[in-house]
1. From Cα pairs below 8 angstrom and at least 6 apart in sequence, can you work out the relative contact order of the chain, rounded to a whole percent?
2. Write down the Kirkwood hydrodynamic radius of the range 150-235, to one decimal in angstroms, obtained as one divided by the mean of 1/r over all alpha carbon pairs.
3. Can you work out the Karplus-derived ³J(HN,Hα) for every residue in the range 220-229? Use 6.51 cos²θ - 1.76 cosθ + 1.60 with θ = phi - 60°, whole Hz, and x for glycine or proline.
4. Just how far, in whole angstrom, is the range 308-348 from the range 1-67 if you go by their alpha carbon centroids?
5. Can you order the peptides 48-59, 169-180, 14-25 by their average number of other Cβ atoms within 10 Å per residue, highest first?
6. Quick one: work out Rg over Rh on the C-alpha atoms of the chain, Rh as Kirkwood radius.
7. Determine the equivalent ellipsoid of the range 258-415 by diagonalising the alpha-carbon gyration tensor, then write out the semi-axes as square roots of 5 times the eigenvalues, largest first, rounded to whole Å.
8. Over the Cα atoms of the range 1-114, what Rg and Dmax result, in angstrom?
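Throughout, read-outs are computed from the coordinates displayed, never taken from laboratory work. Here the structure is a predicted model, which is why all the values come from computation and not from measurement. In this analysis, Cβ positions are derived from the backbone assuming ideal geometry, glycine residues included, and neighbour counts consider all displayed protein chains.
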Amino acid sequence: MASDVNPFESLQEQIDDAAAYSDVDDDVLERFKRPERVLETTLSVELDDGSLGTFEAYRSQFNGDRGPYKGGIRYHPNVTRDEVKALSGWMAYKTAVVNIPYGGGKGGIALDPAEYSTTELERITRAYATELRPLVGPDEDVPAPDVNTGQREMNWIKGTYETLENTTAPGVVTGKAIESGGSQGRLEATGRSVTLAAREAFSYLGTGLEDATVAVQGYGNAGSIAAHLLEGEGARVVAVSDSSGAIYDEDGLDAGAAKDHKAETGSVAGYDDCEEYSNDELLTMDVDLLVPAALENAIDADLAEDVEADVIVEAANGPLTPDADDVLTDRDVYVLPDVLANAGGVTVSYFEWVQNRQRFYWSEERVNDELETVIVDAFDDLTDAFEERDLPNFRTAAYAVGLRRIVDAYEQSGN
Ligand code: NAD
C-alpha cells in the first residue's frame, strides 16, 4: 500500500463530497455513512499438524434498503474491521450506481492463504460459513469472491449453508463454478465492465481506445482480464504489474501470454524479456489509460502529482485516496470510479442469482449483452449528473446518483 489512509474514512469523505451537492438532510445522511451491522468473530480451526489456528473474521452489512446485502469475501493478512466496513459501503453505492436491486455487504478473514493447505483452507472457510449462516441467505445477504477467494470457496460456503439449512440454495452465494449454478461470463465480468467503462469514457472524451496505451497495476482476475479485453478494443497494453514488480514493452505486450506466464511462474516478472520497473513507476508511466487493479490506497496525493495518465479507470476498490482524487481533479485527469468501472462483477452476480432463482440458465452472449446495457446506462446516468449539476468529477457524480437512489428507497419504504 502506498498509503495507510483508513479506507472507512475515505468512504465517508466520498459520501460527504456527494452529499454537498445532494438534497439529503444531515440526520438521514448519517444512516448511509455507516454499516447497519458488523459480525466480528474468531474462528478456531484445527490445522494439519494438529495445532489450533485462530483467525479474525468479519462480515459487514452496510445497507439493505434496496435489497439483500451483496458483496465479496476477501482473504488477506491486512483485512481489518474498518477495511471490511469500507468495502461494504462501496458495495452499497456500487449496486445503487448500476441500479441493481441489492444493498451492500463485504466479508473477510485476516490470513495469507498461501500459508495454508487446501484442506486447512476448506476447514477455515466452512467454519466461517457456519458463523455466517444466521446472517446470509438468498434473500438476506449474498456473498461472492473477492481478493484470494474464488469458485472453490463459494462452493464450500454454499455446501455448508445447504447442509445446515437442509435445503438447496444456489443463490446463497454467487461466483460459483458453472456446475454448481454459476453463470456464464461471471469470471470475466469485472474485467469486462472495466473495458466497457474505458470504452465509454474515451468515446465521451472524444477519442477512441484504438492505439491507446494502457498500464495495468495488479494482474489477477480483474486486471489480467481487463488487459486482454482492452487489447480486443484495439488498445496497446504496454505495462502490467503484480506484487513482484512491473514489466514494460513500448510496442505492447501480449496480455494473454503474460497471464499464462504468471500462471506458470507465479509472477509477471521475466515475461518475454520486457523491461522491469517498480510498482510505483508503473503508476506514473506516460500512458493514455491507467487501470489500478490491485488493492486500496495505491495512489496517494504525492504519487498523484506524478501521474502521467490522461484517464484512470478503477478496477480495484478504493485505489485512490481522497487527497489523490483532489490532486487528480485539479490536474484534469479523468477518473472513472470503482463503483461504476468494476461493477461488472456484482452485476453478473446479480444475473447469476436471478438464474438460480428461476432455475433457468442464460447463454454467455445474453449475459454479456445484458451487462453492456447496465454499464452503458450507468455511465450515461453518471455523465448526465456530472453535466447537469456541474459536479467536480465523475466520482462525486457517481456517489450523488447512488446516494439519491438509496435515500429514495429508504424514504419510499415509509420509514
Ligand atoms: P486477485 O487476487 O485475483 O489479483 C490481485 C492482483 O494484485 C495480484 O496479481 C497481486 O499480485 C496484485 N498486487 C497486490 N499488491 C500489488 C501491488 N502493490 N502492486 C501491484 N500489484 C499488486 O484479485 P482480484 O479479484 O483481481 O481483485 C483486485 C481488485 O479488484 C480488488 O480491489 C478487488 O476488490 C477488486 N474487484 C474484484 C472483483 C472481481 O470480480 N474479482 C470485482 C470487483 C472489484
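1. After rounding, I find 18 percent.
2. Details: mean 1/r = 0.0674 Å⁻¹.
In the range 150-235 this quantity evaluates to 14.8 Å.
3. 3J(HN,Hα) across the range 220-229, in whole Hz: x, 4, 5, x, 5, 6, 4, 4, 5, 6.
4. 20 Å
5. Values: 48-59: 14.4, 169-180: 21.4, 14-25: 17.2.
Put in order of decreasing packing, that is 169-180, 14-25, 48-59.
6. 0.95
7. Ellipsoid half-lengths, sorted descending, are 31, 25, 13 Å.
8. Rg and Dmax of the range 1-114, Cα atoms, are 16.1, 58 Å.
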